[in-house]
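Bear in mind that the values in this text are calculations on the coordinates, not laboratory data. Owing to the predicted nature of the structure, the values given are computational and were not obtained by experimental measurement. Note: ideal-geometry Cβ built from the backbone for every residue, glycine included; neighbour counts use all protein chains shown.
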Amino acid sequence: MPRLYPLDAGRDRPGRGPVGWGGFYNAGMSAHTLYAQRRARLAAQLGAGGIAIVPTAPERQRNRDSDYLYRHDSYFYYLTGFTEPNATLVITAEGESTLFCQPKDPEREIWDGIRLGPEAAPAALGVSRALSSAELAGHMPGFLENRLTVWYPFATHPGMESRVDGWLQSVRARVRYGACCPDQQRDLCTLLDEMRLVKDEHEQGIMRRAAAISARAHVRAMQRSASMLRAGQEVREYHLDAELLHEFRQHGSQYPAYGSIVAGGANACVLHYRADTALIRDGDMVLIDAGCELDGYASDITRSFPANGRFTGPQRALYELVLASQDAAVAATRAGARFVDPHEATVAVLAQGLLDLGLLDKHKVGLAQDVIANRSYFQFYMHRTGHWLGMDVHDCGSYVEPSQRGQVSERKDPLSGETIKDRPSRILQPGMVLTIEPGLYVRPAPGVPDHFHHIGIRIEDDAIVTATGCELITRGVPVAADEIEALMRG
């Protein structure tokens, strides 16, 4: 399918749409197809008498007279392709779709930009009809009257439940006149999460482009680090963060997909560290976890590299171990495998490697299988090996296989002692997209060799599941130690 281009994303892109409204112009393909197909798929799952309400995200104030940069709600965008605030989509089981959006307002448009408006929305977005967002409260009781089930996203929009209750109260007030009120409220996320979990070719194409942009950004940051140190310049984390942001915007990304992590030295052992002012020293390892968002879809890459472009012996030893564990996880990622399989493959490699490098003492923790059983590796590796990726960087979708949800086993966690309920992990299907991101984080501790202290390494790639394996879409930035050194010499 042709791509969706943001209106302001570059003059070199073909077929720029009408100047103004905040959504995406669909180059070469009518909005009646992609988003209408999704709405139709959802409508077919609402059941007889069902109705769905999907609000977009609100604008949020950053400080006095200034808002945070606006970002639409992912569920809403998935069904509309529309990025303006103050909008709500209503879909009925019969396939009718009504968009409530901001009305045209010449005075506000001078300040905030051109609005699409209800009059233009049906033709531009393919919805059945559109009304002013100011009319939402007045129309919703009528929409809900004589419906059986009302669907909306639970626990995602504060106040939404109260609003629905208010509308239903208005319907109940008319029961003496023969009106029927919905007697079921259901979580719309359960339907949309399953729809969003498998990415179609259109979505995969955007994600490949996002991954390519992010890979170029990582390359730029790596090279800047080495070149500044060679020139005797002071390097701080924000210098490398600036390179990432430049490359994201240079190639049309609307925003970073999340707050970039740029961590030098010991900071790399803080999992959710943010790019700050810390000095990056010659001889430090640097961990960068950063990805752009393009046309509503996220990328997510982590690379760890020597700031000066040359691995020390201990740095290379740890790096090679993490890379070997990622190779094992990649080999375990394919259709028919379980979501947990890459993690288990990673842990098996790391457990043996931690023993071989002397980070764990076999006389105290036993053999590799004991390290796994007792989770002794948790001192150095305390997160999972991946997550779903899509419109959200930690994308929606259950990690439990739906058909086996009722199969529950219990075990006692060897570290916390708490009882954990295990359910069968999700079976991977072609088109699912996930990250593969093993790591090791070595903090000073008794028995930990000094030469490994303060080294944090994570290697993360984005993978599209295929019938025979997976496609790594983020390898535009190298992972082999020798290739990283060669890149940084450039």
Gain upon complete extension [Gln250, Thr468; 0.36 nm per residue less C-alpha separation]: 75.0 nm
If you line up the long axis of helix 341-356 against the longest principal axis of the chain, both from Cα atoms, how many degrees apart are they, to the nearest 10? 20
I need Trp111, Trp151 ordered by Cβ neighbour count within 10 Å, fewest first. Trp111, Trp151
Assuming 0.36 nm per residue, please report the length gained on full extension of the stretch Arg174 to Ser162 beyond their Cα-Cα distance. 2.4 nm
Helix 237-250 axis, angle to the chain major axis (alpha carbon atoms, nearest 10°): 40
Where GluC sites (Glu not before Pro) fall in DSSP loop in the stretch 388-490, at most 12 other Cβ within 10 Å: Glu418
Length gained when the stretch Phe154-Ser227 is fully extended (0.36 nm per residue, less Cα-Cα span): 21.3 nm
Place a point 7 Å from Cα of Asp356 in the direction of its Cβ. Which residues in the stretch 302-322 have their backbone N less than 19 Å from it? 312-322
Rounded to the nearest 10 degrees, what's the angle between the helix 313-331 long axis and the longest principal axis of the chain, both from Cα atoms, 0 to 90? 40
With a sphere of radius 14 Å drawn around the Cβ of Pro122, what net charge do the other residues whose Cβ falls strictly inside it have (Lys, Arg +1; Asp, Glu -1)? 0
If R0 = 60 Å, then Asn146 and His383, at their Cβ-Cβ distance, give a FRET efficiency to the nearest 0.05 of 0.75
Set the Förster distance to 41 Å, then compute FRET efficiency between Ala123 and Ala324 from the Cβ-Cβ distance, nearest 0.05. 0.15
Distance in Å, no decimals, from the C-alpha centre of the stretch 298-324 to the one of the stretch 346-386 is 19
Counted neighbours (other Cβ, 10 Å), sorted fewest up, put His453, His272 in the order His272, His453
Taking R0 as 60 Å and r as the Cβ-Cβ distance between Lys421 and Ala486, the FRET efficiency 1/(1 + (r/R0)^6), rounded to the nearest 0.05, comes to 0.80
Just rank Glu145, Glu135, Glu437, fewest to most, by other beta-carbon atoms within 10 angstrom. Glu135, Glu145, Glu437
Contact order relative to length for the chain, counting C-alpha pairs under 8 Å separated by 6 or more residues, stands in percent at 13
